[in-house]
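The values are calculated or read from the model by the stated rules, or taken from the named source; none is laboratory data. The shown structure was predicted, so the numbers you read here are calculated from the model rather than taken from an experiment. Positions of Cβ are generated from backbone atoms using ideal geometry, with glycine treated the same way; all protein chains shown enter the neighbour counts. Only protein heavy atoms, including side chains, enter the accessible area calculation; ligands, DNA and RNA are left aside. Shrake-Rupley method; radii C 1.70, N 1.55, O 1.52, S 1.80 Å.
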Amino acid sequence: MSLAHLKDRDRRQKVARAFEVRRFIVPGIEADRISSRGGCLDVGRELLELSHQMKAEGLRLGWHNGGAELVPIAARERPIDLLLESVPELEWECDLGWLASAGVDPAAELRTNGRRITALHMRDVSGPEGDPKQKGGADIGSGVLEWKAIRASLNQTRVDLLVMEHDHAQDVSGFLNRSIDFLDGWMTSAAIA
């Protein structure tokens, strides 16, 4: 649910009741709003106020990263880090594909910020040899991500939700079947609480 929609108390409570959900994840925000330290801190203040309201309602607030949250705005300072620092209760739906695309080691990120990561956005990246029609996407397990290392780092997270995605799958059914087959084996050997 968008940040604007989540800030509407009546709307979020209606959605929470209708769909029996307790966690809402902001899918991201306009990149220009988090392109500076000041912008990140402003968004952080909005999220902090919202998280207090939602906690009082028994709801959890999360954030899904895109690429903009991973672009450093100062030496070693990323928007995602500023948002997490600003909002102690903010959960992170960590998008593995965006991490890899930004040159970040997903397994290392899970180890570093694992206590904040409660959902994994399972997305693989094809690399330069991939099908141009897939626009950089790949079936989960067939791209460049190091899934064995990611699995080994899961025990340092609080992940209780996995979300599959491929924005440009040419064969959606095939993507789902192949990715589910891969994840079935992957999950069997993973220790997700």
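Side notes on the structure shown:
- Burial ranking of peptide ranges 59-66, 10-17, 117-124 (average Cβ count within 10 Å, highest at the top): 117-124, 59-66, 10-17
- Charging the Cβ of each Asp and Glu at -1 and of each Lys and Arg at +1, and nothing else, the dipole of segment 1-102 about its Cα centre rounds to 320 debye.
- Compactness of segment 19-108 was expressed as the Cα radius of gyration divided by 2.2 N^0.38 Å, which yields 1.08.
- Here the peptides 45-51, 18-24 are ranked by packing, the mean other Cβ count within 10 Å, and the order with the highest first is 45-51, 18-24.
- Cα-centre dipole for the chain with unit charges at Cβ (Lys and Arg positive, Asp and Glu negative), debye to 20: 600
- Of all beta bridges that DSSP places with both ends in the chain, some 15 percent have antiparallel geometry.
- This model, with +1 at the C-beta of Lys and Arg and -1 at the C-beta of Asp and Glu, gives segment 47-97 a dipole about its Cα centre of some 60 debye.
- Shape category assigned to segment 64-127 from the gyration tensor of Cα positions, a/c cut at 1.5: oblate
- Segment 1-72 shape via C-alpha gyration tensor axes, a/c threshold 1.5: prolate
- Rg/Rh (Cα only; Kirkwood hydrodynamic radius) as it applies to the chain: 0.97
- For the chain: accessible area per residue (Å², 1.4 Å): 52
- Those aspartates and glutamates that a straight Cα-Cα span of less than 13 Å connects to Lys55, excepting residues fewer than 8 apart in one chain: Glu89, Glu91
- Beta bridges by DSSP in segment 25-120, antiparallel share as percent, to the nearest 5: 10
- Based on DSSP H segments of at least four residues, each scored -39500 (n - 2.57), the chain has a per-residue ellipticity at 222 nm of -12500 deg cm²/dmol.
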